[in-house]
There are 4 protein chains.
Amino acid sequence: MKIRFLATGGTFDKEYNEVTGALYFKDTHVREMLRLARSSLDLEIRTLMMIDSTEMTAVDREMILKSCLEPGWDRVVISHGTDTMAETARYLGERIRDKTVVLTGAVVPYTFGSSDGLFNLGSALAFAQTLPPGVYVAMNGRCFSWDDVRKNRSTARFEEARGS
Amino acid sequence: MKIRFLATGGTFDKEYNEVTGALYFKDTHVREMLRLARSSLDLEIRTLMMIDSTEMTAVDREMILKSCLEPGWDRVVISHGTDTMAETARYLGERIRDKTVVLTGAVVPYTFGSSDGLFNLGSALAFAQTLPPGVYVAMNGRCFSWDDVRKNRSTARFEEARGS
Amino acid sequence: MKIRFLATGGTFDKEYNEVTGALYFKDTHVREMLRLARSSLDLEIRTLMMIDSTEMTAVDREMILKSCLEPGWDRVVISHGTDTMAETARYLGERIRDKTVVLTGAVVPYTFGSSDGLFNLGSALAFAQTLPPGVYVAMNGRCFSWDDVRKNRSTARFEEARGS
Amino acid sequence: MKIRFLATGGTFDKEYNEVTGALYFKDTHVREMLRLARSSLDLEIRTLMMIDSTEMTAVDREMILKSCLEPGWDRVVISHGTDTMAETARYLGERIRDKTVVLTGAVVPYTFGSSDGLFNLGSALAFAQTLPPGVYVAMNGRCFSWDDVRKNRSTARFEEARGS
């Protein structure tokens, strides 16, 4: 079962610049994470962009959509900043019908010993293998449909948008 | 969706004894792992035993089976040593029909910065939420049916028993 | 041999706020670091402030000086942000004659798996036990006198101010 | 100030074999540790052997002695298993007069996120730069003379042999 992995940035992939003390992006850590996870999945990994999701534009989302729609891939996992993950999920959910697309991310950078990044990567790849076509958000061990998810800004946890 | 988590030991939960230099068990790290993973799953965690899976007896497996069969739990995740994980999966698979049971583990202890433990925990919990009733092994990012899985002793990776 | 440890903040003790994505201070990690280091030193630890060293004022430096000069302590180690560590060292060096005072810090927060924080802590405590009275900066495995040290802003490494 | 670093093995440098679950040696991690520590010391690193210190023979100790005595090096740091570190210190202490030699090690392997390895490395290198000629053991943040040190087998901490 082949899965396409699209890296777009977000906390998941942030680095700490020891000269300036600021957080920045280099490239995705997903290859290293999959190696340490001893993954034997058949994955194609593409870095589409490396940005903070608060800076994601309509053009960026269109590019993600096009990468999802490319023929040959029925299952797609997208790493994404948590701040606008629900918006991107909605955008994709309204446009993708016949593919299983799972967005995931992290609240602590992988390079800071992020446990949630590794855990979320494992769960996103599992959801992508088992869920029927649709667009989902995999965070906090759970899976949310694109039309019923939001990030709780005060707890940094994801929840149903209509209340659970 | 409620999930029961049964801890039985294995590399996943091994500790390093700094006085003797030997590996040993204290209790499962799964609570700490779920906290770091920012899990918001509704999980009941029970430690059934803390043993090396090479030491697992018929009585131990019967105890695991009984814990799986207790009413009120449709979905069960079991942490287990990798050496006899396939044997326990077969034992459970031949006896459990109407529940989703997922076994998982790690090849590096969590306390040694194991990336595969966190990744496998994430994927096992996701598979447990989405797969139909049956007994499965979740390792290396993949999910195997209890009647078609084995550990490759030379690579420490799981694969189909009948060849893939 | 008793040593007083004064925590003032700096990168050494920064935390990552998973809700806002910003770096902040809670309290010093030096107790946890010493425990993991299996230290058996006789240390008194006091948190004087928890600030970024770019925000350190004349009043703050006076407070550090007073804590160094308190009777009963011949050896003092100070954790300090790297940006103005050399300035504080100079301020203390011009005012302290009969005590061994060692400033140290880190370029990566301890909570981000900082290896330099642990390494620097080990070296600062060793220098504090062996060097004659004076004020020193312990960074990058080396020890610099207060009147001949600066941080190289482009490399984030410490070096002699007069050239080496 | 040039320092020679001699790696001999010990817990410091042990790896976890994920296939067998046993601990083993590959090569010293000291280069990686120094890089993460942002060390700017002028160090020559040589791997003399990679063994458990309980297996160290008279021939091994003679080889370490010869490497210490080579001209051109006044300061030597030796990574060593903790079990016989005091014996090797005594052997070297009775034969070396005009050099500063510091032995150090760890109770938890560096690859298991050992904080004591990094801390001890920092302190050993600092002691090596500042102490007068002699042979020392740097463990637990402290420095012991070769003729007054032992490992407490029940606590895995080092202490004075004659009582403190």
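The values are calculated or read from the model by the stated rules, or taken from the named source; none is laboratory data. Because the structure is a prediction, the values reported are computed rather than measured. With ideal geometry, Cβ positions are generated from the backbone for all residues, glycine too; neighbour counts draw on all protein chains shown. These accessible areas exclude ligands, DNA and RNA; they are computed on the full protein's heavy atoms, side chains included. Shrake-Rupley method; radii C 1.70, N 1.55, O 1.52, S 1.80 Å.
Before moving on, here are some points about what is shown:
- In this structure the amide hydrogen of C:Val102, modeled in the peptide plane, comes within under 5 Å of the amide hydrogens of C:Val76, C:Val77, C:Ile78, C:Tyr136, none closer than 5 places in sequence on its chain.
- Value of Rg/Rh across the range B:71-136 [Cα atoms, Kirkwood radius]: 1.00
- Buried area at the A:B interface is about 2300 square angstrom, summed over both chains, from accessible surfaces computed with a 1.4 angstrom probe.
- Pseudo-label separations to other copies for C:Thr20 - Cα-to-Cβ vector, 7 Å, nm: 2.0, 4.8, 5.2
- In this calculation the C-beta distance from C:Asp42 to B:Arg153 is compared with R0 = 51 Å, giving a FRET efficiency of 0.50.
- In plain terms, chain C is cut at each of the GluC sites (Glu not before Pro) found in a DSSP loop with at most 16 other Cβ atoms within 10 Å, and the longest leftover piece is C:1-93.
- In the range B:1-127, the portion of solvent-accessible area held by carbon and sulfur atoms comes to 48 percent [1.4 Å probe, whole percent, DNA, RNA and ligands not counted].
- Averaged over A:100-108, number of beta-carbon atoms from partner chains that fall within 10 Å: 2
- Kirkwood Rh in Å, taken over the protein assembly as shown so that all alpha-carbon pairs contribute: 26.8 Å
- Axial C-alpha extent at least 18 Å, average Kyte-Doolittle at least 0.5 - helices from chain A (DSSP): A:115-130
- Lysine pairs meeting the criterion (Cα under 20 Å, 8 or more apart or interchain), as found in chain A: 5
- C:Asp27-C:Glu160 FRET efficiency (beta carbon distance; Förster radius 45 Å; 0.05 resolution): 0.85
- D:Arg31 label point (Cα plus 7 Å toward Cβ) to equivalent points in the other copies: 2.1, 4.0, 4.4 nm, shortest first.
- Among the residues of the range B:30-52, those with an accessible-area drop of 50 Å² or more from chain alone to full protein complex, heavy atoms and 1.4 Å probe, are B:Ala37, B:Arg38, B:Ser40.
- When the other protein chains are added to the chain by itself, burial of at least 40 square angstrom of heavy-atom accessible area (probe 1.4 Å, ligands and nucleic acids ignored) affects these residues of the range D:137-164: D:Asn140, D:Arg142, D:Arg157.
- Gyration tensor verdict on the range C:1-91 (Cα atoms; rounded if a/c is under 1.5, prolate if a/b is larger than b/c, oblate otherwise): oblate
- Relative contact order [Cα under 8 Å, 6+ residues apart], chain C, whole percent: 23 percent
- Taking a ≥ b ≥ c as the square roots of the eigenvalues of the alpha carbon gyration tensor, chain C is rounded, as a/c is under 1.5.
- Rounded accessible area per residue of the range C:1-119, 1.4 Å, Å²: 39 Å²
- Nm distances between copies for B:Leu65, ranked from closest, using label points 7 Å along Cα→Cβ: 5.4, 6.5, 7.9
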